[in-house]
Amino acid sequence: MRISTAAVVLALSMFAASSQAQEWPSKPIRFVVSFAPGGPVDIVARLVGAKLSGSLGQQVVVENRAGAGGNIGAIAVAKAAADGYTVLVTSSAIAVNATLYANPGYDAERDFVPVVIAASQPNMILVNASVPVHTLRELIEQSRGKKVAFASPGVGTTPHLTGENLLRIVAKLDVTPVHFRGAGQAVVALVSGEPPVGCMAISGPLPHIKSGKLRALAVSSAKRIAALPDVPTFAESGFPGMEDYTWVGVFAPAATPAPIVHRLNEEINRALQSADVRERLVASAFDVVGGAQRDAADYLKAEVLKWGKVVRETGAKAD
């Protein structure tokens, strides 16, 4: 029986991939976080990375590569060796940027393999405590006829687009987003009152909401969240049909061997289900997601379509 050259090459490549996966990891793994320290992506990456350092027997090093709405970190990983040692941890901005940028420098679906969606949380409209409003409706009514600036954690993040969509398109206010290099910087600015309004995911500003320096007006989830049970949803505030989330996902370069992707998925899911990681994520107002690699791939496709529509409707532009 003759065996074709193609069959031999396929068999050898599968053997090589299997051998590589069995040896992996044999050195430290780099988590490239595409946003600055202190935001949702950084929080999840450090919690999961610390857990994986123990379970995999190799250190997971977190490296923040912020800028261009998450594109700088994504480009770095897209160009990295597909060997499981350089992994992207980013937000839903990767789905937004597919439309927001004419050329983000990578293709979200072609250049990466989604490993897992780790966690998510709704966005919120919030204000500095000195602003004399206590509801979203009050903010909108008192802002009519004025120019309003709102803090966002970065161009192309879902809080940026949630804010633009709600405040400018739906409420028809004259708003300008002020973009920062991550949620940490946006929170600092909001606490100082410059600008006095913000739209962000919950984890970054949560301690300042608890301390009374910031006031949450409404959240973009389907129901109220346990961390802030007195804060109404957008729907309860008179804006039904607006349900947005900032999610944190883990991605590997597209050619990463499937056994390594599968192992990463398994280990991250195990970390997410561990009592200590889960407790800390829930305390920071995250919903733990996890699940199969196929689920992450399907979710990314759906999010690219959803946020592409929002980008086009809002006319949002990259800086």
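The table below gives the values:
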{"item": "Residue tally, condition touching a strand residue (DSSP E or B) at 6+ places or on another chain (Cβ under 7 Å), small (Gly, Ala, Ser) and open to solvent by 30 Å² or more (accessible area, probe 1.4 Å), over region 51-77", "result": "1"}
{"item": "Number of the exception - ARG46 against (1) over 17 Å from the mean Cα position of the chain (by Cα); (2) open to solvent by 10 Å² or more (accessible area, probe 1.4 Å); (3) within 17 Å of GLU267 (Cβ to Cβ)", "result": "(1)"}
{"item": "Region 240-274 - residue that is modelled with pLDDT under 95 and more than 20 Å from the chain's Cα centre (by Cα) and, of those, surrounded by the most Cβ atoms within 10 Å (Cβ to Cβ)", "result": "PRO240"}
{"item": "Residues satisfying the stated conditions in region 280-297, i.e. modelled with pLDDT of 95 or more and not in a helix (DSSP H, G or I)", "result": "VAL288, VAL289, GLY290, GLY291, ALA292"}
{"item": "Complete set of residues in region 107-119 that are open to solvent by 20 Å² or more (accessible area, probe 1.4 Å), in contact (Cβ under 8 Å) with a residue 24 or more places away in the chain and not hydrophobic (A, V, I, L, M, F, W, C)", "result": "GLU109, ARG110, ASP111"}
{"item": "Check on VAL191, touching a Lys or Arg at 6+ places or on another chain (Cβ under 8 Å) and within 28 Å of LYS317 (Cα to Cα)", "result": "yes"}
{"item": "Lone qualifier among GLY182, GLY145, GLY154 - being of a type in the set (Gly, Ala, Ser) and farther than 19 Å from GLY67 by Cα", "result": "GLY145"}
{"item": "Residue within region 157-176 that is within 21 Å of PRO40 (Cα to Cα), open to solvent by 10 Å² or more (accessible area, probe 1.4 Å), touching a Pro at 6+ places or on another chain (Cβ under 8 Å) and not acidic (Asp, Glu) present", "result": "no"}
{"item": "Within region 1-100, helices (runs of 4 or more DSSP H) holding 2 or more residues that are at pLDDT 95 or above and over 25 Å from THR162 (Cα atoms)", "result": "40-56, 71-78"}
{"item": "Criterion (of a type in the set (A, V, I, L, M) and surrounded by fewer than 18 Cβ atoms within 10 Å (Cβ to Cβ)) met by exactly one of VAL311, VAL289, VAL282", "result": "VAL282"}
{"item": "Condition check for GLY154: surrounded by fewer than 24 Cβ atoms within 10 Å (Cβ to Cβ) and either touching a strand residue (DSSP E or B) at 6+ places or on another chain (Cβ under 7 Å) or not in a strand (DSSP E or B) (or both)", "result": "no"}
{"item": "Residue within region 184-198 that is surrounded by 17 or more Cβ atoms within 10 Å (Cβ to Cβ), in a strand (DSSP E or B), touching a Pro at 6+ places or on another chain (Cβ under 9 Å) and touching a residue at least 12 places away in the same chain (Cβ under 8 Å) present", "result": "yes"}
{"item": "Checking ALA316 against (1) small (Gly, Ala, Ser); (2) in contact with a Gly (Cβ under 9 Å, 6 or more places away or on another chain); (3) part of a helix (DSSP H, G or I), the condition it does not meet", "result": "(3)"}
{"item": "Every residue from region 163-174 that is farther than 11 Å from ILE125 by Cβ and in contact with a strand residue (DSSP E or B) (Cβ under 8 Å, 6 or more places away or on another chain)", "result": "GLU164, ARG168, LEU173, ASP174"}
{"item": "Filter pass, VAL277 being of a type in the set (A, V, I, L, M), open to solvent by less than 20 Å² (accessible area, probe 1.4 Å) and not in a helix (DSSP H, G or I)", "result": "no"}
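The values are calculated or read from the model by the stated rules, or taken from the named source; none is laboratory data. Since the structure is predicted, the reported quantities are computational estimates derived from the model, not experimental observations. Positions of Cβ are backbone-derived with ideal geometry, glycine not excepted, and every protein chain shown enters the neighbour counts. Heads up: the accessible areas ignore ligands, DNA and RNA and are worked out on the full protein's heavy atoms, side chains in. Shrake-Rupley method; radii C 1.70, N 1.55, O 1.52, S 1.80 Å.
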